[in-house]
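Asks: Take a look at the following structure, please.
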Amino acid sequence: MSLDHCRDLVERGDPDRALVTAGADEAAQAKLWPLWAFNLEVARAPWAAHEPLVAEMRLQFWADAVERLPEGGTPGHPVMEPLAEALGGAGAAPLAALVEARRRDVWREPFADVAALGAYLEATSAGLFWAAARSLGAPEAAEPVVRAYGWGAGLAAWLRAAPELSARGWAPLPEGADVAALARDGLSRIAEARRRRRVVPASAFAALAPGWQAAGILRRAARAPGRVAEGGLGPSEFARRGGLAWAGLTGRW
């Protein structure tokens, strides 16, 4: 039932990722649903309370829960128990870094520069992709490749979410940031990861498939940076549905 709970959370909170993951084999899904659910819960924690100290307490719960992962997770918790089983006592370090990075969300701290935003993406998206790929059998040699891809996918998701983040009172980008250059950096990382994809075993492809939209989003941002603030980076609904079906069936990234 805990795995069903994780899947339900993802289907409601991140439907695109859920549809892609549903195309993976059952063994991969058992690893991925808890990871995606954990990521959603942590991402929501800073926004779940108006009082920053309360939000900090929520994040601290997840930080403490990650510490207990090697011991089998938090007893009775519908996300942490299946997550502990999925990771098999390994892979907690990227998740600890992810929780720590989200503390910035609590206080809506602006990014001082592009490097600070890059570090945030490394700790959140890149780390999550690596934890997922590792759970599906990716070797240590694949970490730089997976992280590069995850960084680019995280940037694409961040740029796409920029209007909503701005509406919530947070400046999503450093002042004066060159959005086109940033998008080209993300594209370069994705391209390099794809060139080196042979180090990532096919068993781990389902962990990377949720990033299938990233390159297209970044290309649009590079060509027309103004679309970021306008919320115009997403594909058409037809292209979205077709792409989701393709990614889910093939696991390609």
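Asks: Tell me, Leu53, Leu35, Leu187 in order of fewest to most beta-carbon neighbours within 10 Å?
Replies: Numbers: Leu53 8, Leu35 27, Leu187 20.
So the residues, fewest neighbours to most, are Leu53, Leu187, Leu35.
Asks: For a quick check: sort Tyr149, Tyr120 by the number of other beta carbons within 10 angstrom, fewest at the front.
Replies: Values: Tyr149 31, Tyr120 19.
Ascending number of Cβ neighbours within 10 Å: Tyr120, Tyr149.
Asks: Given a Förster distance of 41 angstrom, what is the FRET efficiency for Arg197 paired with Arg44, based on the Cβ-Cβ distance and rounded to 0.05? Write out the running numbers ahead of the final one.
Replies: On the way: r = 32 Å, r/R0 = 0.78.
The value I calculate is 0.80.
Asks: How big is region 92-147 along each principal axis, measuring the range of its Cα positions in Å and listing the largest first?
Replies: The principal-axis extents, from largest down, are 36, 20, 11 Å.
Asks: Between rounded, prolate and oblate, where does region 1-107 land on the alpha carbon gyration tensor, with a ≥ b ≥ c its root eigenvalues, rounded for a/c under 1.5, else prolate if a/b exceeds b/c? Let's see the in-between values first.
Replies: Details: a/c = 2.02, a/b = 1.36, b/c = 1.49.
It comes out oblate by the Cα gyration axes.
Asks: Over the chain, what is the relative contact order in percent, taking alpha-carbon pairs closer than 8 angstrom and at least six residues apart? Present the calculation step by step, with values, prior to reporting the outcome.
Replies: Values: 390 pairs, mean separation 53.8, N = 253.
Relative contact order for the chain comes out at 21 percent.
Asks: Which order do Ser135, Ser203 fall in if you start with the one that has the fewest other Cβ atoms within 10 Å?
Replies: So the residues, fewest neighbours to most, are Ser203, Ser135.
Asks: Once region 110-253 is represented by equal point scatterers at the alpha-carbon sites, with solvent omitted, what log10 I(q)/I(0) does the Debye formula produce at q = 0.14, 0.17, 0.18, 0.20 Å⁻¹?
Replies: -0.64, -0.93, -1.02, -1.21
Asks: Given H placed 1.01 Å from N in the peptide plane, which residues other than close sequence neighbours of Gly234 have an amide H under 5 Å from its amide H?
Replies: Answer set, sorted by chain and number: none.
Asks: Quickly work out the Ala22-to-Val114 label distance, labels modelled 7 Å from Cα along the C-beta direction, and quote it in nm with one decimal.
Replies: For Val114 paired with Ala22, the spin-label model returns 3.9 nm.
Asks: Would you calculate, for the chain, the mean residue ellipticity at 222 nm contributed by helices, counting each DSSP H stretch of 4 or more residues as -39,500 (n - 2.57) and dividing by all residues, to the nearest 500? Mind dumping the intermediate values first?
Replies: Numbers: 15 runs with 169 residues, N = 253.
For the chain, the value works out to -20500 deg cm²/dmol.
Asks: Still on this structure, please answer the following. For the chain, compute the orientation-averaged projected area of the C-alpha convex hull (one quarter of its surface), in nm².
Replies: Details: hull surface 50.1 nm².
Here the figure is 12.5 nm², rounded to one decimal.
Asks: Let me have the relative contact order for region 1-107, percent, based on Cα pairs under 8 Å that are six or more residues apart. Before the final figure, lay out the partial values.
Replies: Numbers: 123 pairs, mean separation 32.0, N = 107.
This gives 30 percent for region 1-107.
Asks: Let's test the formula: R0 of 51 Å, r as the Cβ-Cβ distance of Glu71 and Ala229. What FRET efficiency results, to the nearest 0.05? Provide the component values of the computation, followed by the final result.
Replies: Values: r = 45 Å, r/R0 = 0.89.
So the FRET efficiency works out to roughly 0.65.
Values in this text are rule-based calculations from the coordinates and carry no lab data. In this text, all values refer to a predicted model and were calculated from it rather than measured experimentally. A quick note on method: Cβ atoms are made from the backbone with ideal geometry, for glycine too, and the neighbour counts reach across all protein chains shown.
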